[in-house]
Structure formats: C-alpha cells, structure tokens
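Structure record follows, encoded as structure tokens.
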Amino acid sequence: MADPKQVDRLKLAFRIASDAWDTAAARTLPGEVACRSGCFGCCVGLFDISLPEAALVREGVARLSARDREDVVRRARQIVEETAAAFPGDARAGLLDPERSEESDDDYFAVVADRACPMLELPSGRCRIYEERPITCRTYGFAWSKDAAVFHPPCGLNLPGAPEERQRETSIDIDGLDQAEDVAREIATELGLEPGSETTIPHAVLGSAFGPPPG
C-alpha cells in the first residue's frame, strides 16, 4: 500500500505518540499504572483509523509469517462479514462514510465493542504488529487531553480513584500527535481516496480500497 520511504516516514511520525506515552508514564507513581506485557483489555473493541494508520497496519500484516498472516486475515474476514449490515459505509471497500451520522457511528462501534482485534495473539496477549500499531493503541492507558482539559479518561486499571486533576497531570496531550499529514495526502492520491478517509483495522486488511488482502 505504501512505498518503503512512506513507511519509514510514518513510523517516525507515529513514534511521537509512543514517546508521549512514555512521557506520561514517567509522571506516574508506583502502583498507578497497570499496563504490562500480556494485558490486552484495550485490544477488545474496534475503532476508526486514518489512512496513514491503515498503511502501517497493512505493512505490519505483510511482514508476518504465513501462519500468522493467515490467522489475521481469517479473523478480519469474520469481523467484516458478520458486521457488514451495521457498517456505516462501504464494507467491501473498507471505507467509513465521511457523511455518516454520529448515531450510526455509535451503533456500529457498539456492535463491535466485544470483538478482539485480529492482530491480537492469544493466549499470549501479544500484538502481532506492535511496531506498526495505530496511534490509539500507542496512547491508550492514560487520559487524553486537549487545551489542558481531559476529554477521555484513562484505562480503568490505571490511576485507580485518581481525581481529574491527577488524570490531567498524567494525560497525553493529543495536539501535535498527528505528524503524518503529508504522507496521508500522498497515500490518498495513490488510492484515489479523500485524504481524511477512515477505516478500521480489519477493514484496512481486507478492504478493496487498499488493494488485495495480504497473501
């Protein structure tokens, strides 16, 4: 989907999100963070991703072993097929409708709230495309803030009982995380899509808009 130079630029841009998580973690005290290897509650439930994120997802799947890749494609196909009727967009192309209503968006993501990400390896809890994971995955665990105000709480296992002020002190400021605008435009041009097009992880794997499924 993306050429090697684009992939390198995307990885560099997305590293900013990983660094933001590390910075937030450095502000915490012992016992405030439960995140650890094998903890995968945050890997259950789908969410929308951008074209740059879709490009990295496909890059990650392409480098997997044949066995892992087959399992990822199988699980992605199951999710896509079983939820196609509720998908607010073109499920075959794998694109969310940019004009979709907030209600239809909420309805769909409620349907897939209990679906494990196809990249999740069980029972280990390992992400099979950890180096290419989306920004949401890189920043989950701490509160998200914007303009010095928390708009999304931390994982329920982190900062137990912490007041909003403490959540804000350890939050990730989302401003400045999206550093892939130029690559997004390049990818959109190559695919004939709108730069702001969105998808989900399983749809990025299988959607016809992104090319043939990884073989």
*Looking at Ala55, Ala76, which is the one that is among the hydrophobic types (A, V, I, L, M, F, W, C), closer than 20 Å to Asp178 by Cβ and surrounded by 16 or more Cβ atoms within 10 Å (Cβ to Cβ)?*
Ala55
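Of all residues in segment 1-11 being assigned to a helix (DSSP H, G or I) and without any contact (Cβ under 8 Å) to a residue 60 or more places away in the chain, which is surrounded by the fewest Cβ atoms within 10 Å (Cβ to Cβ)? Lay out the reasoning, then the answer.
We begin by selecting, within segment 1-11, every residue assigned to a helix (DSSP H, G or I); these are 4-11.
Then drop every residue that is not without any contact (Cβ under 8 Å) to a residue 60 or more places away in the chain, which leaves 4-5, 7-8.
Details: Pro4: 8, Lys5: 10, Val7: 19, Asp8: 12.
The residue in question is Pro4.
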*Looking for whichever is touching a Lys or Arg at 6+ places or on another chain (Cβ under 6 Å) and either of a type in the set (Val, Ile, Thr) or under 15 Å from Ala55 (Cβ atoms) (or both) here; the options are Val205, Val183. Which one fits?*
Val183
*Subset tally (residues that are over 25 Å from Gly45 (Cα atoms), touching a residue at least 12 places away in the same chain (Cβ under 8 Å), surrounded by 15 or more Cβ atoms within 10 Å (Cβ to Cβ) and of a type outside the set (Asp, Glu)) for segment 156-178*: 0
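Evaluate segment 78-91: report whether one residue or more is part of a helix (DSSP H, G or I) and either touching a Ser or Thr at 6+ places or on another chain (Cβ under 6 Å) or modelled with pLDDT under 95 (or both).
Residues of segment 78-91 part of a helix (DSSP H, G or I): 78-82, 84-86.
From what is left, the residues that are either touching a Ser or Thr at 6+ places or on another chain (Cβ under 6 Å) or modelled with pLDDT under 95 (or both) are none.
No, segment 78-91 contains no residue that is part of a helix (DSSP H, G or I) and either touching a Ser or Thr at 6+ places or on another chain (Cβ under 6 Å) or modelled with pLDDT under 95 (or both).
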_Suppose we filter segment 98-135 for residues that are more than 14 Å from the chain's Cα centre (by Cα), assigned to a helix (DSSP H, G or I) and surrounded by fewer than 19 Cβ atoms within 10 Å (Cβ to Cβ); how many remain?_
8
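The values are calculated or read from the model by the stated rules, or taken from the named source; none is laboratory data. Small disclaimer: the values here were computed from a predicted structure and weren't measured. When we count neighbours, we look across all protein chains shown, and the Cβ atoms used for this are built from the backbone with ideal geometry, even at glycine.
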